Amino acid sequence: MSFRRAAKVDDNQKDIVKLFRKHGWYVLIISQLKNCCDIIVSKRGRTVAIEIKDGKKAPSARKLSEGELKFKNEWQGEYALVETEEDALKVIKELE
């Protein structure tokens, strides 16, 4: 029997999740799923898929994986890529 190793979680995910929740967004953490985004957020009928990358890492380390890119291209709803808390605040402002 083979088990999937735990998915890597970016160091800034906890702070970004906290920020969305502070602004009244419901956050569903799904970063453990393969070939998907990291979180789904919703508020007042809006639902957005959010991919979190660590803005402190080199650009090559922030590239979307093949599975993440496929998810982004096939997702039929709103989608955002967030690398910093400032990015998250911009997304929150744009969505509200």
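Checked against the criteria, Val48 counts as farther than 18 Å from Asn12 by Cα and touching a residue at least 24 places away in the same chain (Cβ under 8 Å). Across the range 16-29, not a single residue is classified as closer than 16 Å to Gly77 by Cα, in a loop (DSSP other than H, G, I, E, B) and touching a residue at least 24 places away in the same chain (Cβ under 8 Å). Scanning the range 46-92 for residues that are assigned to a loop (DSSP other than H, G, I, E, B) and open to solvent by 80 Å² or more (accessible area, probe 1.4 Å) gives Lys56, Lys57, Lys63, Trp75, Gln76.
Taking the condition surrounded by 11 or more Cβ atoms within 10 Å (Cβ to Cβ), within 13 Å of the chain's Cα centre (by Cα) and free of Cβ contacts under 8 Å to residues at least 12 places away in the same chain, does Ile39 pass? Against the criterion (surrounded by 11 or more Cβ atoms within 10 Å (Cβ to Cβ), within 13 Å of the chain's Cα centre (by Cα) and free of Cβ contacts under 8 Å to residues at least 12 places away in the same chain), Ile39 does not qualify.
Screening Leu33 against (1) out of contact with any strand residue (DSSP E or B) (no Cβ under 8 Å at 6 or more places or on another chain); (2) open to solvent by 60 Å² or more (accessible area, probe 1.4 Å); (3) farther than 17 Å from Val17 by Cα leaves a single unmet condition, (3).
The values are calculated or read from the model by the stated rules, or taken from the named source; none is laboratory data. Model, not experiment: these values are computed from the prediction. All Cβ positions, glycine included, derive from the backbone under ideal geometry; neighbour counts span all protein chains shown. SASA here: full protein model, heavy atoms, side chains in, ligands and nucleic acids out. Shrake-Rupley method; radii C 1.70, N 1.55, O 1.52, S 1.80 Å.
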